[in-house]
Amino acid sequence: MKTADSLSGRKSEFSQIIEFESDSLILALYDNGEVDGDSVSIFLNGEQIISRKGLKTKAFRKTIYPAPGVHDVFSLVMYAENLGLYPPNTGLLVVYDGEQIYHIRFSADMKKNAGVLFRRKIEIAPDFFPLYFYIGF
């Protein structure tokens, strides 16, 4: 298994921030376009959670459980294991967050990784703030 050190030789480009609400997220990975032999490893905060997975037209799915307070903010990095027949390595990551669905197209090669940042959406109750907060004192 690779470690976060494997990522250090490549630049990671983060294309999107997703605000999530659920206690679990379903990740679905597809090839983006023609299936050409692309394979990726996926890292959550530098820890490999998917190893050398070939991308196809049928999704590979994995459920993750971001722990409240621990994983309120985290990164997901797609690391190209190869370039397939037609460089660069391209894919589609679909994230299921309860009823919300996010589609993230990614592209990675041997010099750069593709990444997404996740941030837990926190609802603050209106009665949390004192009255003077609302009237501008």
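Taken together, the values in this text are just the output of simple stated rules run on the coordinates, not laboratory data. These numbers come from a predicted model, not from an experiment. Every residue, glycine as well, gets a Cβ built from its backbone with ideal geometry; the counts of neighbours run over all protein chains shown.
Within region 65-98, being without any contact (Cβ under 8 Å) to a residue 60 or more places away in the chain, in contact with a Ser or Thr (Cβ under 7 Å, 6 or more places away or on another chain) and within 15 Å of R119 (Cα to Cα) holds for one residue alone: Y65. Looking only at residues of region 60-76 that are part of a loop (DSSP other than H, G, I, E, B) and either under 15 Å from the mean Cα position of the chain (by Cα) or among the aromatic types (F, W, Y) (or both), we find that the one that is surrounded by the most Cβ atoms within 10 Å (Cβ to Cβ) is P66. Please work out which residue is farthest from T63 (Cα to Cα), limiting yourself to region 24-42 and to residues that are free of Cβ contacts under 8 Å to residues at least 60 places away in the same chain and within 15 Å of the chain's Cα centre (by Cα). That would be S41. In this structure, E81 qualifies as charged (D, E, K, R) and surrounded by 15 or more Cβ atoms within 10 Å (Cβ to Cβ).
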